Amino acid sequence: MATNSIQNSDPKKIARWTKFQLPNRFKRIGLIICILAFLLMLGRKFAEGPLWIKPLLSNIFIIGLLMVSLAKEKIEDELIVNLRSQSYRLGFTFGVLYAILVIPLINYVVDMLVSGAEEATFEANVFEVLITMLAIQLLFFHKFKKAHS
Amino acid sequence: MKNTLKVQRAMRDLTQEQLAQILGVSRQTVNSIEKNRYVPSTVLALKLSKVFGVAVNEIFSLEADD
């Protein structure tokens, strides 16, 4: 079992999991999925529909972002692997900080303005957190690549 | 860490793109190593040593603050 090999700390088997990536074409496929999901989310704002559509579209948007994040570069060399690793570290760190500090504050202010102080909450939903993490990782990765070009 | 990659490349009349193709990396990686913005792995350093036919020490050397 794969999980057993991770538990047994076999470096070669772990590397097979940690080095998993999608082919380069998934960058474009992921982007198209994100755009379509986003457009459908916007369209849903102006039309009535079942309640399950919003979380489904959010999931599809996140899957699109994940595809872009996991897609290989045309030349996936050691510099790119290094930059990717740095961007994941920053994406994770900023994502966590954003989730516990910024998103709840924004939600609280919006709730206060819309529903009043009594109903305002500091909640951040899972979609906001995941989208933030992935978006920050992709932004940093793009910025790092530009710095080395 | 400093390096003589640009000199070694110029001595063999290789462009960054040509060297990158030989090494199987991107031109950006060669450029970043030349400009000391990226320290290559041992594997890549040994590949460079093999391509230029010189010891790794002749391409890369430590600086006082390393």
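Would you mind giving the mean number of other chain beta-carbons within 10 Å of the Cβ of each residue in B:37-47, as a whole number?
Going residue by residue through B:37-47 and averaging, the value is 2.
When a/c is below 1.5 the answer is rounded, else prolate if a/b is larger than b/c, else oblate, so apply that to the stretch A:36-149 with a ≥ b ≥ c taken from the square roots of the Cα gyration tensor eigenvalues.
Oblate is the answer for the stretch A:36-149, as a/c is 1.5 or above yet b/c matches or exceeds a/b.
Return a whole-number percent for the relative contact order of chain B, with Cα pairs under 8 Å and 6 or more residues apart as the contact set.
45 percent
Taking only Cα atoms, what is the 0 to 90° angle, nearest 10, from helix B:42-52's long axis to the longest principal axis of chain B?
60 degrees
As a test of the formula, what do you get for chain A when each DSSP H run with n ≥ 4 contributes -39,500 (n - 2.57) and the sum is divided by the residue count, at 222 nm and rounded to the nearest 500 deg cm²/dmol? Mind dumping the intermediate values first?
Working: 7 runs with 108 residues, N = 149.
After summing the helix terms and dividing by residue count, I get -24000 deg cm²/dmol.
Which of the GluC sites (Glu not before Pro) across the stretch A:50-149 are loop residues per DSSP, with 16 or fewer other Cβ within 10 Å? List each step's numbers first, then the result.
Numbers: sites: A:Glu73, A:Glu76, A:Glu78, A:Glu118, A:Glu119, A:Glu123, A:Glu128; in loops: A:Glu73, A:Glu76, A:Glu123.
Here the GluC sites (Glu not before Pro) that fit, given the DSSP loop and packing criteria, are A:Glu76, A:Glu123.
Quick one: net charge of B:Phe52's neighbours, Cβ under 14 Å, K/R +1, D/E -1? Mind dumping the intermediate values first?
Numbers: positive: B:Lys6, B:Arg9, B:Arg12, B:Lys47, B:Lys50; negative: B:Asp13, B:Glu34, B:Glu58.
Net charge around B:Phe52: +2.
Take the residue pairs A:Lys19/B:Lys50; A:Lys72/A:Lys145; A:Lys54/A:Lys74; A:Lys27/B:Lys47; A:Lys13/A:Lys72; A:Lys146/B:Lys35 and return only those whose Cα atoms are more than 23 Å apart.
Flagged as over cut-off: A:Lys19/B:Lys50; A:Lys54/A:Lys74; A:Lys27/B:Lys47.
Towards the positive end of the charge dipole of the protein assembly as shown, with charges on Cβ (+1 Lys, Arg; -1 Asp, Glu), say which of B:Ile22, B:Ala45, A:Gly30 has the farthest Cα.
Towards the positive end, the residue furthest out is B:Ile22.
Between helix A:25-45 and chain A, what is the angle of the helix's C-alpha long axis to the longest principal axis, kept within 0 to 90° and rounded to the nearest 10?
10 degrees
Relative to the Cα centre, what is the charge dipole magnitude of the stretch A:75-149, using +1 at the beta carbon of each Lys and Arg, -1 at the beta carbon of each Asp and Glu, and rounding to the nearest 20 debye?
Charge dipole, the stretch A:75-149, about its Cα centre: 480 debye, nearest 20.
At what distance in angstrom do the alpha carbon centres of the stretch A:74-149 and the stretch B:12-66 lie from each other?
35 Å
Mind checking the dipole of the stretch A:1-99: about its Cα centre, +1 per Lys or Arg Cβ, -1 per Asp or Glu Cβ, Debye to the nearest 20?
Charge dipole, the stretch A:1-99, about its Cα centre: 120 debye, nearest 20.
Hey, with R₀ at 35 Å, roughly what FRET efficiency would B:Leu46 and A:Ile14 work out to, going by the Cβ-Cβ distance, to 0.05?
0.90
How far is helix A:103-115 tilted, in degrees, relative to the longest principal axis of the Cα atoms in chain A, given as a value from 0 to 90 rounded to the nearest 10?
Taking the Cα atoms of chain A, the angle to A:103-115 is about 20 degrees.
Since every read-out is calculated from the coordinates, none of them should be taken as a lab result. Treat the numbers as computed from the prediction; the structure is a model and nothing was measured. All Cβ positions, glycine included, derive from the backbone under ideal geometry; neighbour counts span all protein chains shown.
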